[in-house]
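The values are calculated or read from the model by the stated rules, or taken from the named source; none is laboratory data. Keep in mind the model is a prediction, meaning the values are calculated, not measured. Glycine also receives a Cβ, built like all others from the backbone with ideal geometry; neighbour counts cover every protein chain displayed. Note: accessible area is taken over every heavy atom of the protein model, side chains too, but ligands, DNA and RNA are not part of it. Shrake-Rupley method; radii C 1.70, N 1.55, O 1.52, S 1.80 Å.
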Amino acid sequence: MFETLLIANRGEIACRVAATARRMGLRTVAVYSDADAHSRHVAACDMAVHIGGAEPRASYLRADAIIAAAKQTGAQAIHPGYGFLSENEAFAQACADAGIAFVGPPASAIAAMGSKSAAKALMEKAGVPLVPGYHGDEQDPDFLRRQADAIGYPVLIKASAGGGGKGMRIVESSVEFDAALASCKREAASSFGSDQVLIERYLLKPRHIEIQVFADSHGNYVHLFERDCSVQRRHQKVIEEAPAPGMTEERRRAMGEAAVAAARAVGYVGAGTVEFIAEPDGRFYFMEMNTRLQVEHPVTEMITGLDLVEWQLRVAAGGRLPAAQHELELSGHAIEARIYAENPEKGFLPSIGTLDVLEFPDHAEFALADVRVDGGVRTGDTITPHYDPMIAKLIVRGGDRNEARARMLRALGDIRVAGLQTNIAFLRRLMADQAFAAADLDTGLIERRHDALFPPNGTLPDAVPALAAAAILQSQGYAGTAGRRSQTPSDPWDVADGWRVSGHHARIFNFLDAEGQPEDIELRRDGGQWTLLRNGESLALEWAAEARDTGGERLRVRLDGRDHAGDVLLAGETITVYLDGVSHILRLHDAVAHAQDEGGSPGGSLTAPMPGKIISVAVRAGDTVKSGDTLLVMEAMKMEHTIVSPRDGVVEEVFYQPGDQVADGAQLIAIAEA
Ligand code: MV4
């Protein structure tokens, strides 16, 4: 076995690999970019080497710098993780040439699976089933149309060099074929540098089922059963599970044998995944092979009890596979959910910024347990636009699918995140969705179930603003239960502080919800009794609080005789309320900067409308500006946004420079009234 392993990656997968390497007694070397000097994966390793700038091209994609780091630290092996250089044939070869073990397949196997049409030709020879179609070199349009006519419509035209859904065209009939072909070829040429296409019968309601395979350098091959990754949105996996619901033993054996045949055909070594597309009746066809460890590998670990990274390291060190096919067993059911810093209601726009709070419930990290978390960030870390905005993976297992689903639903509800938007509420709706619960899975599930998964913004339950207001008052020393006096020596409600409104002690809270809609409530106290007024209704309110070790309050409120329990985190003007497994973000309106409003506040500030990058700044401190003048341009969601002055004034301060990343709501510029 190696003594020292370099991990050529970051985040969750780097931490995952480090956990196993440490358990096996290996020394670990992290590499890191400018953005990652203080990140968790660096702390998780014994040594760390800085390899360049925050942009992947300047660091994690630099084969030369990574190989130099391995030589400098005496590492005998490099684990590439996933993404970055993991499926880069030249990098695998460069490692081999430098006498360093690449923890992955030989460069030749990466190359063989790189071209979709060449891979399909190889698979056909190896007897692996393919979708009926044409994947040869003849590209004459009339010839291809006759192929499509013979296959039968609808057909799919795919770019041979493509992948991930780009460069695909569905064609419904022969008359549409020529135009679709021309358009697909144009896109393929500009996206992939080759306009070669293949034609396939278009499958309706397909499922994505993949087989985990493993091979050693002694010619042994096994499969570790299947994963169902059908729940995707725009070719991004959202939920993965193992085993695949409805899989029979015979079909599992047939798919496993086909996957092993695929691996054999390219002389595979190490961990790989053979992706199939399956029809509702169970017929399956080879799609592609991923020549790396995959994000969703933990569900396979959970049902087999094996550590796939340990297997990878043993195989890369020249060892034999730790088990033969007949020794492998599957038990229980595992589900993985990818937790992202993103906003599902805004088209899954990444949410960039600082994780003010990140807490998981009772869980094990990178280990077999009923609730497992594989994460790469901690409280206080930032999610930057340079890298994937995944916060963590939550993996659960149960005796069966329903037990796993219930455990996932509960574990998702226990997560505490503040500072960023996440997809957690969306994942909970998905877990509870009737089609998902019934395992009616296909790649169109999220679109098909859109209305259930994206419910219109209903009115907030009364308990949410009640919890928010109660937490604020609690933090200011007010007691929430009638008859009890607060700890403060004089009851603040007895002080003449301007809270007396029309004869009552009253306080108005102007909250804004996540959409910026006003959510106004009033709290009154009369004779030791609290009352909440909302939308013309008045409800009796009591609360009791207990402090949480990590800050914030766990509050119990009784509203109109009904009990609710929730956590409330106060961070500046942002209030995060967790109630019944759902988090709600409220902002205190009177503390929000209103510079973009007509007339604005007299001090004046301008805030970023969404996370992004500053492209250019048109003004300097001291400049006089007129209403409507361009102040700066920022880029967000791949579009440019011009920030203009809301009024006449003088620039007091510019807080960012071109190239800077800004968080949602960050103050960009301060403008004083002229
Ligand atoms: C297909 C298909 C239906 N019929 N091929 C999408 C990504 C690329 N790797 C292959 N893809 C598909 N190929 C035929 N003949 C439907 C898809 C597809 C899909 C496949 C797997 C997982 C998610 C998907 C989402 C949409 C479409």
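Kindly list, by first and then second residue, each pair from a residue in region 340-363 that is of a type in the set (Phe, Trp, Tyr) to a residue that is outside any strand (DSSP E or B), limited to pairs with Cβ atoms under 7 Å and residues at least 6 apart or on different chains. Final answer for the pair search is Tyr340/Pro389; Tyr340/Thr422; Tyr340/Asn423; Phe360/Ile415.
Restricting the first member to region 602-629 and to residues that are farther than 30 Å from Phe348 by Cα, and the second to residues that are modelled with pLDDT under 90 and loosely packed, with under 15 Cβ neighbours inside 10 Å, the beta-carbon pairs closer than 6 Å and six or more apart or on different chains are Pro602/Glu673; Ala618/Thr630; Ala621/Glu653; Lys626/Asp648; Ser627/Asp648.
Residues of region 235-284 that are out of contact with any strand residue (DSSP E or B) (no Cβ under 6 Å at 6 or more places or on another chain) and β-branched (Val, Ile, Thr): Thr248, Val266.
Scan region 236-256 and tell me whether some residue there is under 30 Å from His450 (Cβ atoms), acidic (Asp, Glu), assigned to a strand (DSSP E or B) and away from the ligand (no atom under 13 Å from the Cβ). The answer is yes; a qualifying residue exists. Checking each residue in region 281-300 for being under 16 Å from the mean Cα position of the chain (by Cα) and open to solvent by 10 Å² or more (accessible area, probe 1.4 Å) picks out only Val295. Residues that are away from the ligand (no atom under 14 Å from the Cβ) and either among the hydroxyl-bearing types (Ser, Thr, Tyr) or without any contact (Cβ under 8 Å) to a residue 12 or more places away in the chain (or both) within region 137-173 comprise Glu138, Asp140, Asp142, Phe143, Arg146, Ala150, Ser173, listed in sequence order.
Only residues that are of a type in the set (A, V, I, L, M, F, W, C) and either open to solvent by 30 Å² or more (accessible area, probe 1.4 Å) or within 16 Å of the ligand (Cβ to nearest atom) (or both) were counted in region 301-315, giving 1.
Pairing residues of region 191-204 that are on the phi > 0 side of the Ramachandran plot with residues that are of a type outside the set (Asp, Glu) and open to solvent by 10 Å² or more (accessible area, probe 1.4 Å), at Cβ distances under 8 Å and at least 6 apart in sequence or on separate chains, gives Gly193/Ala161. Name the residue that is farthest from the ligand (Cβ to nearest atom), counting only residues in region 212-235 that are open to solvent by less than 20 Å² (accessible area, probe 1.4 Å) and within 23 Å of the chain's Cα centre (by Cα). Result: Gln212.
Every test in (1) at pLDDT 95 or above; (2) surrounded by 20 or more Cβ atoms within 10 Å (Cβ to Cβ); (3) part of a helix (DSSP H, G or I) is passed by Leu156 save one, and that test is (3). Applying the criterion of being touching a Phe, Trp or Tyr at 6+ places or on another chain (Cβ under 8 Å) and hydrophobic (A, V, I, L, M, F, W, C) to the residues of region 260-281, the residue that is nearest to the ligand (Cβ to nearest atom) is Ile277. Based on what the data block shows, is Gln72 open to solvent by 40 Å² or more (accessible area, probe 1.4 Å), in contact with a Ser or Thr (Cβ under 8 Å, 6 or more places away or on another chain) and not hydroxyl-bearing (Ser, Thr, Tyr)? So Gln72 does not fit the description; no.
Screening the candidates Ala437, Ala392 for the property of being closer than 22 Å to Thr574 by Cβ and at pLDDT 95 or above yields one hit, Ala392.
Check region 84-93 and report whether any residue there is touching a strand residue (DSSP E or B) at 6+ places or on another chain (Cβ under 8 Å), among the hydrophobic types (A, V, I, L, M, F, W, C) and more than 16 Å from the ligand (Cβ to nearest atom). Scanning region 84-93 turns up at least one residue that is touching a strand residue (DSSP E or B) at 6+ places or on another chain (Cβ under 8 Å), among the hydrophobic types (A, V, I, L, M, F, W, C) and more than 16 Å from the ligand (Cβ to nearest atom). For region 263-280, the set of residues classified as of a type outside the set (A, V, I, L, M, F, W, C) and open to solvent by 10 Å² or more (accessible area, probe 1.4 Å) consists of Arg264, Gly267, Glu275, Glu279, Pro280, listed by residue number. Of all residues in region 1-50, those satisfying the criterion of being under 22 Å from Arg314 (Cβ atoms), open to solvent by 50 Å² or more (accessible area, probe 1.4 Å) and in contact with a Ser or Thr (Cβ under 9 Å, 6 or more places away or on another chain) are Arg22, Arg27, Asp46. Restricting region 174-211 to residues that are over 20 Å from Phe143 (Cα atoms) and of a type in the set (S, T, N, Q) leaves a set whose member that is nearest to the ligand (Cβ to nearest atom) is Ser191. Of the residues in region 59-69, not one is open to solvent by 40 Å² or more (accessible area, probe 1.4 Å), under 26 Å from Ala215 (Cα atoms) and more than 29 Å from the chain's Cα centre (by Cα). Residues that are within 14 Å of the ligand (Cβ to nearest atom), surrounded by fewer than 18 Cβ atoms within 10 Å (Cβ to Cβ), part of a helix (DSSP H, G or I) and not small (Gly, Ala, Ser) within region 109-136 are absent altogether.
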